[in-house]
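Enquirer: Sharing a structure below in structure tokens format, with a few things to ask.
The values are calculated or read from the model by the stated rules, or taken from the named source; none is laboratory data. Since we're looking at a predicted model, the values are computed, not measured. Because the Cβ atoms are built from the backbone with ideal geometry, glycine has one as well, and the counts that use them run over all protein chains shown.
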Amino acid sequence: MKEAEALVHALKTHQVDGIIGDRHIMVCRLKDVEEKLESSRDQVRALAASLQSIREDERVMIAREIHDELGQKLTSLELGLSWLARKATPRRQPVQEKIGLLSALVTTMIRSVRRIANELRPGVLEELGLVKTLKSEAREFKKHTGIPCTFETNLGKAKFDRTGSVAIFRISQAAFTNIARHAHASRARITLVKRNNDLILTVNDNGKGITKKLVRSQKSLGIIGMRERALALDGTLTLRGSKGNGTTLTVRIPLSRVIIDQESVSS
Amino acid sequence: MLARGNLARLCEEHLKGCYEIETVNVLKDAATAHKNNVLVTPTLILIKPYPKVTVFGNLSDTRRVLAALRLIGGEQ
């Protein structure tokens with residue numbers, strides 16, 4: 001056992017140059033390999049952050065197109081139908097009814113366009129800021145799923161930078177989606193707090209609890225995506241779940257990476 | 001290279017000519033490596049006096065190496 005401990009110590013302290021296998025001698029410079037691996041990881045991380053940024057820019061562009069082009073044309077259609085409705089005489093009731101149905105359809109379409117555009121580019125995030133947006137998200141979550149959701153924060157007056165706001169917002173969006181789809185929960189809670197020099201986002205529910213296998217799975221692209229967003233801000237993301245206790249997502253990000261005005265943050 | 005240098009210095013200081021070092025290049029002599037259950041490089045094996053002792057790493061920690069070779073007291 002002491003020999004095994006000595007071997008582990010030698011490996012951990014980079015005193016070993018290579019490993020000898022059963023069938024092949026493969027002498028490699030482990031430290032070089034580790035450094036190259038770390039460098040590759042950094043490159044992949046930078047690429048992922050860049051892709052996220054490109055995706056956000058594309059979302060903004062698509063949202064703008066949807067709102068400006070589609071939204072405006074639908075509004076014109078709505079106005080045209082209102083004009084027709086005024087022109088249709090009471091004797092032509094079937095026509096009036098048809099116009100009424102079409103107007104209702106167009107109104108629904110306009111609402112859908114606004115919702116889609118808003119999900120692509122959360123306008124409220126820029127208008128209201130992160131804290132109020134998360135509060136609104138919690139309300140909307142309850143409205144759409146029926147699952148009560150509370151929001152707590154001690155960062156009411158904090159000013160967040162755009163990149164940090166979008167990242168935290170997208171992480172919470174993904175967390176809410178997972179709760180709605182998989183958790184079988186009857187209650188959810190989101191908190192955004194300052195603790196020492198970190199910003200801590202917590203999203204938890206009282207559902208069936210995520211399994212360790214799922215947390216570690218290479219196929220859990222949603223979780224990988226959330227983790228990459230946190231890592232891009234030098235943060236960490238942990239997911240814990242257990243039967244009966246639900247799932248807790250915790251994101252920890254250095255305040256300096258997301259807060260613009262440190263003095264606006266209450267201690 | 002580092003391990004060889006450390007070992008040579010250590011032996012000169014503490015054994016003063018009363019030692020024999022055999023260096024095995026595992027790339028050229030894999031059989032010896034396997035025969036002695038060498039898993040990583042560099043590895044130092046004290047053949048004699050018995051019992052056999054194996055030390056991993058570049059031998060930079062002099063005190064630890066001396067203790068392993070039973071040249072001073074302490075954990076082997």
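Enquirer: Quick check on residue A:50: is it assigned to a helix (DSSP H, G or I) and either closer than 30 Å to residue A:225 by Cβ or modelled with pLDDT under 80 (or both)?
Expert: yes
Enquirer: Out of segment B:9-27, which residues are hydrophobic (A, V, I, L, M, F, W, C), farther than 23 Å from residue A:21 by Cβ and either within 14 Å of another protein chain (Cβ to nearest Cβ) or free of Cβ contacts under 8 Å to residues at least 24 places away in the same chain (or both)?
Expert: Those that are hydrophobic (A, V, I, L, M, F, W, C), farther than 23 Å from residue A:21 by Cβ and either within 14 Å of another protein chain (Cβ to nearest Cβ) or free of Cβ contacts under 8 Å to residues at least 24 places away in the same chain (or both): B:11, B:18, B:21.
Enquirer: Looking only at segment B:34-61, how many residues end up being modelled with pLDDT under 85 and hydrophobic (A, V, I, L, M, F, W, C)?
Expert: 1
Enquirer: Here is a follow-up. Taking segment A:213-242, which residues are out of contact with any Pro (no Cβ under 8 Å at 6 or more places or on another chain) and among the aliphatic types (A, V, I, L, M)?
Expert: A:214, A:215, A:221, A:223, A:224, A:226, A:230, A:231, A:232, A:237, A:239
Enquirer: Identify, please: which residue in segment B:32-63 is assigned to a strand (DSSP E or B) and among the polar types (S, T, N, Q) and is, among those, farthest from residue B:14 (Cα to Cα)?
Expert: My answer is B:41.
Enquirer: Would you confirm whether any residue within segment B:66-76 is within 11 Å of chain A (Cβ to nearest Cβ) and either touching a residue at least 40 places away in the same chain (Cβ under 8 Å) or more than 12 Å from residue A:3 (Cβ to Cβ) (or both)?
Expert: Scanning segment B:66-76, I find at least one residue that is within 11 Å of chain A (Cβ to nearest Cβ) and either touching a residue at least 40 places away in the same chain (Cβ under 8 Å) or more than 12 Å from residue A:3 (Cβ to Cβ) (or both), so the answer is yes.
Enquirer: If you don't mind, another one. Scan segment A:216-232 residue by residue and report those that are in contact (Cβ under 8 Å) with a residue 40 or more places away in the chain and over 15 Å from residue A:175 (Cβ atoms).
Expert: Once the filter is applied, which keeps residues that are in contact (Cβ under 8 Å) with a residue 40 or more places away in the chain and over 15 Å from residue A:175 (Cβ atoms), segment A:216-232 yields A:231, A:232.
Enquirer: Take residue A:207 and tell me if it is of a type in the set (Gly, Ala, Ser) and in contact with a His (Cβ under 8 Å, 6 or more places away or on another chain).
Expert: Yes; evaluated as a whole, the condition is true for this residue.
Enquirer: When you check residue B:2 against the structure, is it in contact with a helix residue (DSSP H, G or I) (Cβ under 8 Å, 6 or more places away or on another chain) and either of a type in the set (A, V, I, L, M, F, W, C) or away from chain A (no Cβ under 12 Å) (or both), yes or no?
Expert: So residue B:2 fails the test.
Enquirer: Here is a further query. In this structure, is residue B:52 within 14 Å of the chain's Cα centre (by Cα), exposed (fewer than 13 other Cβ atoms within 10 Å of the Cβ) and within 13 Å of another protein chain (Cβ to nearest Cβ)?
Expert: Yes; evaluated as a whole, the condition is true for this residue.
Enquirer: Condition (residue is crowded, with 18+ Cβ neighbours inside 10 Å, touching a residue at least 40 places away in the same chain (Cβ under 8 Å) and not basic (Lys, Arg)) applied to segment A:233-245: is it met by at least one residue?
Expert: yes
Enquirer: Output the number of the condition that residue B:71 fails; it satisfies all remaining conditions of (1) aliphatic (A, V, I, L, M); (2) closer than 16 Å to residue A:13 by Cβ; (3) touching a His at 6+ places or on another chain (Cβ under 8 Å).
Expert: (2)
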